[in-house]
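The next block holds one structure in the form of structure tokens; read it before the comments.
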Amino acid sequence: MDEKELQVIKERAEQVKRLLGHGSYVQNLIENDVPRLVAEVEELRAEQEHWQSNIQSLKEEFSARITEVEERLKGIEASRAVMREVLEDVRRWLGSLNIGESLSKIDLALSGSTVGNSDSRQAMK
């Protein structure tokens with residue numbers, strides 16, 4: 001607490017003394033309460049500074065995490081774009097093939113490379 005604030009508290013205490021009178025009970029009450037109240041205000045200020053420091057630390061930590069996540073997101077978006085391009089190429093390539101003809105060629109290749117089960121291949125045709 002700075003000097004100005006302490007002075008304001010003392011002035012208010014003096015105003016209360018004048019309003020309530022100069023009885024020793026009131027004076028003792030004020031003299032005992034003012035230091036206690038000043039100590040409570042100081043304690044609250046220290047607690048406030050502690051919480052403000054914690055808030056700042058959290059802001060910095062989460063800012064770093066947000067930056068990290070944004071970078072990961074950029075990488076994911078780039079990967080998605082590459083995958084999209086590859087899929088388009090595959091789709092164009094598959095579209096240019098005659099699928100029926102390709103399946104026949106695959107079937108012939110398989111029938112030539114394996115022995116037996118020719119009946120099952122004939123049944124598939």
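Structural remarks
- Among the residues here, VAL69 does not qualify as modelled with pLDDT under 85 and in a helix (DSSP H, G or I).
- First in the stretch 39-63 and assigned to a helix (DSSP H, G or I), second anywhere and at pLDDT below 95, Cβ under 7 Å, 6 or more apart: VAL41/MET1; GLU42/MET1
- Yes/no for VAL90 being among the β-branched types (Val, Ile, Thr), modelled with pLDDT under 90 and surrounded by 10 or more Cβ atoms within 10 Å (Cβ to Cβ): yes
- Failed item, numbered, when MET1 is tested on (1) at pLDDT below 90; (2) open to solvent by 80 Å² or more (accessible area, probe 1.4 Å): (2)
The values are calculated or read from the model by the stated rules, or taken from the named source; none is laboratory data. Source: prediction; values computed, not measured. Neighbour counts are summed over all protein chains in view; Cβ atoms, including those assigned to glycine, are modelled from backbone coordinates with ideal geometry. Side chains are part of the model used for accessible areas, which takes the heavy atoms of the whole protein and leaves out ligands, DNA and RNA. Shrake-Rupley method; radii C 1.70, N 1.55, O 1.52, S 1.80 Å.
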